[in-house]
């Protein structure tokens, strides 16, 4: 049996501006997607913990899982790509995620890359991280029609990465962070809708372009602070990045309230990803007090650490 872990991804700095040619800083975390592959007599996919409701048709003796269609679309596309490259495989795939889908932590990319990596190993084929990133992006394009290569590259390669989306390139940084918290807030809108709203704002208001420029400049400063391990600098820049994202309309009152209540106990914090809910990063000074704040607000949260490697056998 083969078991693969594909890490989730958080955006430390630069989301939204990355769409307009600015760099972003992303990191893989020790929560993500596990994929097991065990050869058998037929191809079967089982999932653990994927949220769905069931609809049962008694006359047909058939059930449908509602709410997980997009999740299985990534699995189907990954299996098609894998079979095309490495041949047909009869096996049982078991998929378990540490994180709920649709929160902005690259779970779809982790599923795509994790299935591809597990399939290749089960078929006796070694695939390097950069090839895996390209294949994962191909899967996301099949499902979404349009997709950034950022998440699939990050979950394939791992670590702290500086990424440019257009034209795509990346640099792996010799940097890390101490363990931090991610709070998970219910999302309002899809990533596609939120990105479209930001574009509409930029089209309406020329001055909004200055926000994009400011985020790009901030990312360069954050890069230097990451390399220096300067948590005071990083925390302050997280707050600034969050304010700038608020000017683009993607930071709501729930995030503002959380950061204000946690402020005495953190270096800084910000949204990660498209915004309007989803993941919020908190870089702690006093972890126990941060947890008390999160519990008092009723937020789901995880304490996470940065991983240095991408999708790999475990």
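Can you figure out the FRET efficiency of residue 247 with residue 96, using R₀ = 51 Å and their beta-carbon distance, to the nearest 0.05? Please report the intermediate quantities before stating the final value.
On the way: r = 38 Å, r/R0 = 0.75.
Result of the calculation: an efficiency of 0.85.
Taking the radius of gyration and the Kirkwood hydrodynamic radius from Cα positions alone, what is the Rg/Rh ratio for region 138-189, to two decimal places? Mind showing how you got there, number by number?
On the way: Rg = 13.9 Å, Rh = 13.4 Å.
Using Cα coordinates only, the ratio equals 1.04.
Which length gain, in nm to one decimal place, applies between residue 190 and residue 209 when the Cα-Cα distance is subtracted from 0.36 nm times their residue separation?
4.6 nm
Round to the nearest 0.05 the FRET efficiency obtained for residue 72 and residue 38 when R0 = 22 Å and r is the Cβ-Cβ distance.
Efficiency at R0 = 22 Å is approximately 0.70.
Could you calculate the FRET efficiency of residue 61 with residue 313 from 1/(1 + (r/R0)^6), where r is the beta carbon distance between them and R0 is 35 Å, rounded to 0.05?
0.40
Using every alpha carbon pair in region 97-207, what percent of pairs falls into each 10 Å bin from 0 up to the bin containing the largest distance?
Reading upward from the zero bin: 12, 35, 37, 14, 2, 0.
Hey, of (1) 19.8, 61; (2) 35.0, 111; (3) 19.7, 65, which did the structure itself give for Rg and Dmax of the Cα atoms in Å when calculated?
Structure-derived value, by its label: (3).
Any idea what the relative contact order of region 180-304 is, in percent, if you count C-alpha pairs under 8 Å spaced at least 6 apart?
40
In nm, to one decimal, how far is the modelled label at residue 220 from the one at residue 173, with both set 7 Å along Cα→Cβ?
In this crude label model, residue 220 to residue 173 measures out at 1.5 nm.
How big is region 241-314 on each of its three principal axes, counting only the C-alpha atoms and giving the largest first in Å?
41, 30, 21
Nearest 10 degrees is fine. How inclined is helix 287-297 to the longest principal axis of the chain, computing both from alpha carbons?
Compared with the principal axis, the helix lies near 80 degrees.
Tell me, what is the percent relative contact order of the chain, built from C-alpha pairs under 8 Å that lie six or more residues apart? Each step should come with its number before you reach the end.
Numbers: 672 pairs, mean separation 81.0, N = 314.
Worked out over the chain, it gives 26 percent.
What angle do you read, to the nearest 10 degrees and between 0 and 90, between the alpha-carbon axis of helix 129-144 and the longest principal axis of the chain?
With both axes taken from Cα atoms, the answer is about 90 degrees.
Report the gain in length on full extension from residue 227 to residue 286: 0.36 nm times residue separation, minus Cα-Cα distance, nm rounded to one decimal.
Taking residue 227 through residue 286 to full extension adds about 19.0 nm, to one decimal.
Could you sort the peptides 184-190, 106-112, 85-91 by per-residue average Cβ neighbour count (10 Å cutoff), highest mean leading?
So the peptides 184-190, 106-112, 85-91, ranked by packing, come out 106-112, 184-190, 85-91.
Project the alpha carbons of region 180-304 onto their principal axes and report the range along each, largest first, in whole Å.
44, 34, 21
Angle check, please: helix 69-86 long axis (alpha carbons) against the longest principal axis of the chain (alpha carbons), in degrees 0 to 90, nearest 10.
That works out to roughly 60 degrees.
Read-outs: derived from the displayed coordinates by stated rules, not from any lab. Keep in mind that this is a model prediction, so the values were computed, not measured. As a convention, Cβ positions derive from the backbone with ideal geometry for all residues, glycine included, and neighbour counts pool all protein chains shown.
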